[in-house]
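Please read the structure below before turning to the comments.
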Amino acid sequence: MYEIAKIIHLVSAVVFGGVLFVEVVMLPVLKKEFGEEFFKKVEFTIIRKRGIKIVPLFVLSLYLSGLFMFHYHMKDLDLSTTFGKLLLLKVSIAFAVILGVITAITMFKLGKSENRLFDYIHQFAFIAVFTVIILAKLMFVL
């Protein structure tokens, strides 16, 4: 069961990280190149028509599989080891990300995605998710 959870976790992290990459790195280029009006149409189409429907499912599967794996490791978790410290750091960052995700989804549904906080949450989540991905690999090699 652990290996299945790990596969679900990895696929969900790739999808969620990819969505954040597109939103933070790729989409802003459209605004610069084609103007605000075109950017808003593309962003609305991608996020409202597809993203807001599927991203929460991947985020949910990411966190549920992560909780399952965390519970698996809890019985033997030693916080004096590098593995234990990195796992605790990873979980702490992931907790901050989920708070940001909930805030961003709420803001979007309330029509407040124009707020700068919405952009800052996405930038933070982008950096945090890729940090967590690196920490996940380092946990098993350090």
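The values are calculated or read from the model by the stated rules, or taken from the named source; none is laboratory data. Everything quoted here is computed from the prediction, not taken from an experiment. In this analysis, Cβ positions are derived from the backbone assuming ideal geometry, glycine residues included, and neighbour counts consider all displayed protein chains.
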Worksheet item: Based on what the data block shows, is Val29 of a type in the set (Val, Ile, Thr) and free of Cβ contacts under 8 Å to residues at least 12 places away in the same chain?
Response: yes
Item to complete: Just give me the residues in region 112-128 being surrounded by fewer than 16 Cβ atoms within 10 Å (Cβ to Cβ), part of a helix (DSSP H, G or I) and not aromatic (Phe, Trp, Tyr), in sequence order.
Response: Arg116, Leu117, Asp119, Gln123, Ile127
Worksheet item: Residues of region 85-127 being of a type outside the set (S, T, N, Q) and in contact (Cβ under 8 Å) with a residue 60 or more places away in the chain, which ones?
Response: Phe108, His122, Ala125, Phe126
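Here is a check on your reading of the model: is Ala5 out of contact with any Ser or Thr (no Cβ under 6 Å at 6 or more places or on another chain) and in contact (Cβ under 8 Å) with a residue 40 or more places away in the chain?
no
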Discussion item. Here is a check on your reading of the model: is Leu99 closer than 18 Å to His122 by Cα, touching a Phe, Trp or Tyr at 6+ places or on another chain (Cβ under 8 Å) and in a helix (DSSP H, G or I)?
Written reply: no
Worksheet item: Pairs under 8 Å by beta carbon, first residue in a helix (DSSP H, G or I) in region 129-141, partner aromatic (Phe, Trp, Tyr), six or more apart or different chains?
Response: Val129/Phe16; Met139/Phe83
Item to complete: Would you check if Met69 is more than 13 Å from the chain's Cα centre (by Cα), farther than 30 Å from Leu138 by Cβ and surrounded by 15 or more Cβ atoms within 10 Å (Cβ to Cβ)?
Response: no
Item to complete: Pick out the one residue from Lys85, Lys109, Lys137 that is surrounded by 13 or more Cβ atoms within 10 Å (Cβ to Cβ), modelled with pLDDT under 95 and among the basic types (Lys, Arg).
Response: Lys85
Practice prompt. Report the residue count in region 1-28 for those that are of a type in the set (Asp, Glu) and crowded, with 16+ Cβ neighbours inside 10 Å.
Written response: 1
Worksheet entry | Within region 1-58, helices (runs of 4 or more DSSP H) holding 2 or more residues that are modelled with pLDDT of 85 or more and among the small types (Gly, Ala, Ser) | 2-21
